[in-house]
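Read the structure below first, then the notes.
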Amino acid sequence: MTIDPHDLMEMEDRLGAHNYHPLEVVLVRGEGVHVWDADGNRYLDCLSAYSAVNQGHCHPKIREAMIEQSAKLTLTSRAFHNDQLALFYEDIARLTGSHKILPMNTGAEAVESAVKAVRKWGYEVKGVPKGQAEIIVCRNNFHGRTMGIVGFSTDPDARGGFGPFAPGFRVVPFGDLAAFAAAINESTVGFLVEPIQGEAGVIIPPEGYFKGVRELCTEHNVTLILDEIQTGLGRTGKLLAEEHEGIEADVTLVGKALSGGFYPVSAVLSNSEVLGVLQPGQHGSTFGGNPLACAVARAALKALVEEGLIENAEKMGARFMEGLRSIRSNLVTEVRGRGLMLAVDLDPAAGGARPYCLKLKDKGILAKDTHTDTIRIAPPLVITEDQVDWAVERFAEVLSEGA
Ligand SMILES: *Cc1c(COP(=O)(O)O)cnc(C)c1O
């Protein structure tokens, strides 16, 4: 017996915490760039679960790895070795050039883990006085939802009512090199920053910003921590978004697409010095580095590389952006993006992006409004030229209808 989708939405509303406001569609199946609702309506997914399904929904090779591993061994805890963890380390180290890896589960856990390791590094290696370590973060950052992280958020929704918060963070405007330079002092141990601010509305920093950041971090012995949980793993047309800037982070955080959306898998990637401060018993996770996660992550990374998804993101992203920019509409104030991480800003007089996302839904596109006036567009990286062109036509219909 299948339950009516309206009843399912009513049950969610009645029984669940209301910490989300989903579009009114109940999805039952996904394949590649598409998802289907219970009535068989097909949608092109332009959110990709916030870039967790870069490889496309239900990728057959990742699914195969998951099914195969789940019949062998799923969880041992790190009290024992398992035969998948070393192979995962080797794959991700080879791909990213990292020397040390710390496996976790969610993105927020990777961020928390990096904060812990970098603080400890600050005391033990850099020589910061006990309890004084400071980490610089950016205004309008998004790094997750745990207590530590929302404490240094600047979004009133994300932090309001959740205090008291942990000290030790200093906030600077994103993209402002002088402000970053001015915030560094002897107690600064790290700079935690997104290469492109995703949740803030796909905000791309000025040319040369990260080159300057890199130089200042090196000069002042500050650990540069790039949160690539959303920008990483092909989304921007490069394996890591740092490649666009011609720099290398000291610590890189990945998550989301690390599992292709099958399972929460995240990791802290670093040089040996920072993760080297963690000794047995000082950090851990029951599920972190479990054999199922490792097998899934290996298959997810393999799919990205072997299927040319990173190059495809670059090509299709350029095509999508060109298409969006060619739309004649007095509603659109800006189209921007890098690879398949795109955003369309609407004139504030248009009445917000959500009504346009609802119209897109009726035309078979699922996209998410962010920050009131922005439509974010981030389809799975397996998208084809025809699918991009089809999507651009739907955007053109919706955005010129409003004109
Ligand atoms: C999604 C996201 C996170 C948090 O990941 P979760 O798996 O939801 O905890 C952290 N940083 C960035 C940039 C993200 O996009």
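Rule-based calculations on the coordinates, nothing more; no lab input. Please read these numbers as outputs of a predicted model, since none were measured by experiment. As a convention, Cβ positions derive from the backbone with ideal geometry for all residues, glycine included, and neighbour counts pool all protein chains shown.
Structural remarks
- With contributions of -39500 (n - 2.57) from each DSSP H run of at least four residues, the per-residue ellipticity at 222 nm computed over the chain stands at -10500 deg cm²/dmol.
- Relative packing of 17-23, 67-73, 246-252, which averages over residues the other C-beta atoms within 10 Å, highest first: 246-252, 67-73, 17-23
- Proximity of backbone amide H atoms, modeled 1.01 Å from N, is registered between Thr223 and Gly190, Phe191 at under 5 Å, excluding neighbours fewer than 5 places apart on the same chain.
- Whether the range 23-166 is rounded, prolate or oblate, judged on the alpha carbon gyration tensor where a/c under 1.5 counts as rounded: oblate
- Between 0 and 90°, nearest 10: helix 209-219 axis offset from the chain longest Cα axis: 10
- Cross-link partners of Lys359 among aspartates and glutamates, defined as those whose alpha carbon lies under 17 angstrom from its own and excluding same-chain residues fewer than eight positions apart: Glu24, Asp37, Asp45, Asp345, Asp347, Asp369, Asp373, Glu393, Glu397, Glu401.
- Whichever lysines have a C-alpha closer than 19 Å to that of Lys256, once near sequence neighbours (fewer than 8 apart) are set aside: Lys61, Lys238, Lys302, Lys368
- The chain: angle of helix 60-70 to the longest principal axis, Cα-based, in degrees nearest 10: 50
- Gaussian network model of the chain, springs between alpha carbon atoms under 10 Å - residue of Val268, Val28, Val202 with greatest fluctuation: Val28
- Relative to the longest principal axis of the Cα atoms of the chain, the long axis of helix 107-121 makes an angle of roughly 20 degrees.
- Here the range 381-402 and the range 224-290 have alpha carbon centers that stand 32 Å from each other.
- Expressed to the nearest 5 percent, the antiparallel share of DSSP beta bridges inside the chain is 65 percent.
- Amide H contacts under 5 Å for Gly56, placed H, 5+ residues apart: Leu381, Val382
- Partner aspartates and glutamates for Lys315 [C-alpha distance under 17 Å; skip if fewer than 8 residues away on the same chain]: Glu243, Glu306, Glu307, Glu385, Asp386, Asp389
- Each peptide in 301-312, 166-177 was scored by the mean count of other Cβ atoms within 10 Å over its residues; highest first, the order is 301-312, 166-177.
- The range 1-42 and the range 297-352 have Cα centres separated by 25 Å.
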